[in-house]
1. How many residues does the stretch 107-165 contain that are assigned to a loop (DSSP other than H, G, I, E, B) and away from the ligand (no atom under 12 Å from the Cβ)?
2. With respect to P45, is the statement that it is closer than 30 Å to R130 by Cβ and modelled with pLDDT of 95 or more true?
3. What residue, among those in the stretch 259-291 that are within 16 Å of the ligand (Cβ to nearest atom) and assigned to a helix (DSSP H, G or I), is surrounded by the fewest Cβ atoms within 10 Å (Cβ to Cβ)?
4. Can you confirm whether the stretch 170-188 contains a residue that is assigned to a loop (DSSP other than H, G, I, E, B), without any contact (Cβ under 8 Å) to a residue 40 or more places away in the chain and among the acidic types (D, E)?
5. Considering only residues that are farther than 16 Å from T289 by Cα and either under 12 Å from the mean Cα position of the chain (by Cα) or surrounded by fewer than 24 Cβ atoms within 10 Å (Cβ to Cβ) (or both), which ones fall in the stretch 130-146?
6. Can R56 be described as basic (K, R) and either at pLDDT below 95 or over 26 Å from D246 (Cβ atoms) (or both)?
7. If I go through the stretch 51-81 residue by residue, how many of them are assigned to a loop (DSSP other than H, G, I, E, B) and within 16 Å of the ligand (Cβ to nearest atom)?
8. Does the stretch 202-228 hold any residues that are assigned to a strand (DSSP E or B) and touching a residue at least 40 places away in the same chain (Cβ under 8 Å), and which are they?
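The values are calculated or read from the model by the stated rules, or taken from the named source; none is laboratory data. Values in this document were obtained by computation on a predicted structure and should not be read as measured data. Neighbour counts are summed over all protein chains in view; Cβ atoms, including those assigned to glycine, are modelled from backbone coordinates with ideal geometry.
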Amino acid sequence: MSPRPLPTESAPEATAGRTAHRRRYLMCRPEHFTVSYTINPWMQPALPTDTATALRQWQTLYDTYVSLGHEVELIDPVPGLPDMVYTANGGFLIDGVAYGAKFRFAERAPEAAHFTEWFAANGFEVAEAREVNEGEGDFLLVGETILAGTGFRSTGDSHREVGEVFAREVVSLTLTDPRFYHLDTAIAVLDPVEGAHRGGPDRANIAYLPHAFDAVSRAILAERYPDAIHVAEADGDVFGLNSASDGRHVLISPRATGFEAQLRERGYEPVLVDLSELLLGGGGIKCCTLELRGGTR
Ligand code: ARG
């Protein structure tokens, strides 16, 4: 029997061209999930929801993250706050600092304090928001730049505030289609690595739905991200962009088949996770995922 070759630098992870980076996420079990009010066009209280299905689908997302080697923290769900499962809206965290959320609608306003309490208890320095903002739903860290969405939820003033809190460049983008009311429904960050563009051209790439933005924002995106994946409306419509990437694996909706093919062409590995029940609340994979950057661990 010939000895097995020792693993070398040409191990599969390296030869595939894309490197996975370990992430730390915050999620919230959808124990109280339902659709009892309408604050986005996807939410129709008249349609029945099934909490058991939501829990099962959510568990698959959780298990997928864990199986990919990511660390997932949990915040306790609170009765009467059915949208708390969408943890992306709970804040925006970089380098151990948590910029708190301030929700646009009264229905979600009480969530903010639960999230900031969790951040403080877990070693984050909390920066309370004075301006209306919905956390990582509208703020995306791309390389070292913060892309910030407005038009439906977070205000332009919050873009200024987030820039002050983190002392980083903020690029404001305006959303125009009410179905894509948060930035994370229209842009997917494919290479979520801080400093990805340090010392060279911006290598942190994105995918986006051009249709969701006004003309000025489309021009900004085209200029800054010439290699971006432009996603078709059919894939955007099934929340294909509401996805999470570790730089190699990109978790997307199984219905976003065009986007899946585009990702494969670029050397990413799409991982299909169906959250159809949570889409009844207007949220998908990214909405259920808040990235924890820095902090105690
Ligand atoms: N029902 C929630 C709302 O309208 C869904 C939030 C989705 N979250 C997101 N990050 N896009 O606020």
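1. 13
2. Spelling it out, it is not the case that P45 is closer than 30 Å to R130 by Cβ and modelled with pLDDT of 95 or more.
3. Of everything passing the filter in the stretch 259-291, S276 is surrounded by the fewest Cβ atoms within 10 Å (Cβ to Cβ).
4. Yes: one or more hits.
5. First pass over the stretch 130-146, keeping only residues farther than 16 Å from T289 by Cα: 130-133, 142-146.
R130, E131, V132, V142, G143, E144, T145, I146 - these are the residues of the stretch 130-146 that are farther than 16 Å from T289 by Cα and either under 12 Å from the mean Cα position of the chain (by Cα) or surrounded by fewer than 24 Cβ atoms within 10 Å (Cβ to Cβ) (or both).
6. For R56, the condition - basic (K, R) and either at pLDDT below 95 or over 26 Å from D246 (Cβ atoms) (or both) - is not met.
7. Of the residues in the stretch 51-81, the ones assigned to a loop (DSSP other than H, G, I, E, B) are 68-70, 75-81.
If we keep only those that are within 16 Å of the ligand (Cβ to nearest atom) too, we end up with 75, 77-78, 80-81.
Total meeting the criteria: 5.
8. Residues satisfying the conditions are I206, A207, F213.
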